[in-house]
Amino acid sequence: MKRFILFSFVCLCAGLVGGCENRIVTNTPSNELADESVTNTPSNELADETATNTSSNDLADESVTNTSSSDLADESEKNKLPAAVYQRITAEEAMTMMEDGDPYILVDVRTKDEYETQRIEGAVLIPVDVIADRSESELPDKNARILIYCRSGNRSATAAKILVGLGYSNVFDFGGIASWTYGTISG
């Protein structure tokens, strides 16, 4: 009976629960559990195949992962998502995107004074120094198409990197308002 219980446990650990009743346990003295000899072979195939397990701890360790560490590393590489990046586009490409009919959010990452002096119509002000704090409330959809600009392109690149780091997946940096030739507003 002890042999059957021990073997049932070994089968459970190895994921062989279905069909364990058709297997034979042989040569397993109770004082030699560390060196147990277990055949995991159906009785009608006993002459052809025999598998021996040296210890239940070794079996449990192998059955939990059922893969080698190199297999795990390979699997990890397969499941890795590509690193999120933002796209650097021109002012012309940004204007085309704004006119194509698909929704977008236009974000000015300059200071409030710069924004009030001159901005692109429809832009929302989220200064680069607070974009990480305010993005969740002001940009709740992380898949929304977000077009970012500043004065010359430095702050917009920084803001784009911050948003991508926060999980935004559709970020476009078109540089600075200095290269925008399509009209601006003030006030």
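Readers should treat all values here as calculations from the given coordinates under stated rules, not as data from a laboratory. Only a predicted model underlies this, so the values are computations on that prediction, with no experimental measurement involved. In this analysis, Cβ positions are derived from the backbone assuming ideal geometry, glycine residues included, and neighbour counts consider all displayed protein chains.
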Exercise for review: Over every pair of different alpha-carbon atoms in the stretch 121-171, take the mean of 1/r and invert it; report that Kirkwood radius in Å.
Suggested key: 11.0 Å
Check your understanding: Hey, got a sec? Which GluC sites (Glu not before Pro) in the stretch 111-170 land in a DSSP loop and have at most 15 other Cβ atoms within 10 Å?
Key -> 121
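How about the stretch 110-183: which chymotrypsin sites (Phe, Trp or Tyr not before Pro) there are in a DSSP loop, with at most 15 other Cβ atoms within 10 Å of their Cβ?
Numbers: sites: 115, 149, 168, 172, 174, 180, 182; in loops: 168, 180, 182.
For chymotrypsin sites (Phe, Trp or Tyr not before Pro) across the stretch 110-183 that sit outside H, G, I, E and B with at most 15 neighbouring Cβ atoms in 10 Å, the list reads 182.
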